[in-house]
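The values are calculated or read from the model by the stated rules, or taken from the named source; none is laboratory data. Being a predicted model, the structure only gives us computed values, none of them experimental. Methodologically, a virtual Cβ is constructed for each residue, glycine included, from the backbone with ideal geometry; neighbour enumeration extends over all protein chains shown.
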Amino acid sequence: MDGSQPFTAHAADHGHGALHGSPAAFYASPRGETAALVLRERMQAFWPDLHGQSVLGLGYAEPYLKLWQDTAYRCIAAIPADLAPAADGHACLIDDTRLPFPDLSFDRILYVHGVDAATDARRTLRELWRVLKDDGRLLVVAPNRLGLWAHVESTPFGHGHPYSRRQIATLLAASMFRAERRDIALFIPPINWPFLLRAWPAWEQIGHAVLPDLSGVILIEAVKDAYAALPSAAVARRMVLLPEAAARAMSRLRESK
């Protein structure tokens, strides 16, 4: 492959259409299009330029990877197999606890509609740690447990397990990541009313200023915490002798007396 050519990788069409209530159906609706527009703006503030870098989107990241498709070296959308019926016509189906990628494969990983739906979020995050480069960055997008979007089941943010900012940071720390930057977004009510959707910039501005705890989602950028794998205190050591070595040592001790 010519490294100068950016591309987006997807697996073959698995034959499912956009099902009602699925992420694909949601993002095809005016409400979903508006949510994607809001979140893409916040994501681009984190990662404005990923020219020449390898990007993985895990969960349901396809509406957001288009931010970097034209400039990234590669952009791979990976969807857990249990979300396969929710995908649109293209999906790279994987087991999110056993990612099919070599160690240190990606410069950036976007994890959206994933941590809240994962059957074992901690194990998945350890897999993300494995495939992320040592100087890479992970961006986790999770529904805020205090926000309206986490309680509306007609959106993908209303399924699975919502989080607080502290809970996400704690989960990341337990998975050997260190949270570095945080943001909040999606203050617009999750209602399919066109006049409300068109006013999303005002909702975002007012929400950030007045009701920051009630955002629809939480965004946290994290890096690998290599020191988390080290013991916090010196480990006591003791010598273990094999039987023959122990006998010789005792013999020398007796001869020296």
Residue that is surrounded by the most Cβ atoms within 10 Å (Cβ to Cβ) [pool: residues in region 98-132 that are among the polar types (S, T, N, Q) and more than 13 Å from the chain's Cα centre (by Cα)]: Ser105
Test: residue in region 225-237 that is part of a helix (DSSP H, G or I), at pLDDT 95 or above and touching a helix residue (DSSP H, G or I) at 6+ places or on another chain (Cβ under 8 Å): no
Search result, residues across region 119-156 that are within 18 Å of Leu39 (Cα to Cα) and in contact with a strand residue (DSSP E or B) (Cβ under 8 Å, 6 or more places away or on another chain): Arg137, Leu138, Leu139, Val140, Val141, Ala142, Pro143, Asn144, Arg145, Gly147, Trp149, Ala150
Which numbered condition Arg181 fails, given (1) out of contact with any Asp or Glu (no Cβ under 6 Å at 6 or more places or on another chain); (2) surrounded by fewer than 23 Cβ atoms within 10 Å (Cβ to Cβ): (1)
